[in-house]
């Protein structure tokens, strides 16, 4: 029996031998842990009904730019003034472009911004150009509309194409 004698034994409903854990030994710490977790989680989440202070553009958008080589895009606007653009790599049969990375800011009742993408030739895998797409849009609840202008630059930074005008229409992605 080791260092414990029969006199040290607890009643069976309390766990039997000392050093042996039972549900009674764990009940109090688990109760305290559960209570602490229950009380702390609400403090980590925004309370339902509280006004969201982020700008109306912040979020994820399904965007159509009819004049683009592939008209459908996804835009994500972040509250820190950065944004991302993506469309299918297979959207253009001749070139492959990276996701666009950019910035945005408010301009009166509009949003203006710019994103940059890198374009490569599908066959040679060589650099083709850097695309810079500037835009100005107006948000109306879960939709936006506006214009864009795309210019493309060679490896030395000389404009090789553009500016090319486009219109943009966006719909917010909502749950």
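The values are calculated or read from the model by the stated rules, or taken from the named source; none is laboratory data. This is a predicted model, so every value here is computed, not measured. Here the Cβ positions follow ideal geometry from the backbone for every residue, glycine too, while neighbour counts run over all protein chains shown.
Just wondering, is there one or more residues in segment 59-71 that are assigned to a strand (DSSP E or B), in contact with a strand residue (DSSP E or B) (Cβ under 6 Å, 6 or more places away or on another chain) and within 18 Å of residue 155 (Cα to Cα)?
no
Would you pick out the residues in segment 117-132 that are assigned to a strand (DSSP E or B) and loosely packed, with under 14 Cβ neighbours inside 10 Å?
We begin by selecting, within segment 117-132, every residue assigned to a strand (DSSP E or B); these are 117-121, 127-132.
Across segment 117-132, the qualifying residues are 121, 127.
A quick yes/no check of all residues on (1) surrounded by 15 or more Cβ atoms within 10 Å (Cβ to Cβ); (2) without any contact (Cβ under 8 Å) to a residue 24 or more places away in the chain; (3) over 24 Å from residue 55 (Cα atoms):
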residue: 100; (1), (2), (3): yes, no, no
residue: 104; (1), (2), (3): yes, no, no
residue: 134; (1), (2), (3): yes, yes, no
residue: 139; (1), (2), (3): yes, no, no
residue: 143; (1), (2), (3): no, no, no
residue: 148; (1), (2), (3): yes, no, no
residue: 155; (1), (2), (3): no, no, yes
residue: 162; (1), (2), (3): yes, yes, yes
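When the residues of segment 76-85 are narrowed to those that are buried (at least 16 other Cβ atoms within 10 Å of the Cβ) and either within 22 Å of residue 153 (Cβ to Cβ) or modelled with pLDDT under 95 (or both), which ends up farthest from the chain's Cα centre (by Cα)?
85
Being touching a strand residue (DSSP E or B) at 6+ places or on another chain (Cβ under 8 Å) and farther than 22 Å from residue 58 by Cα is the filter here; which residues of segment 99-124 pass it?
118, 119, 120, 121, 122
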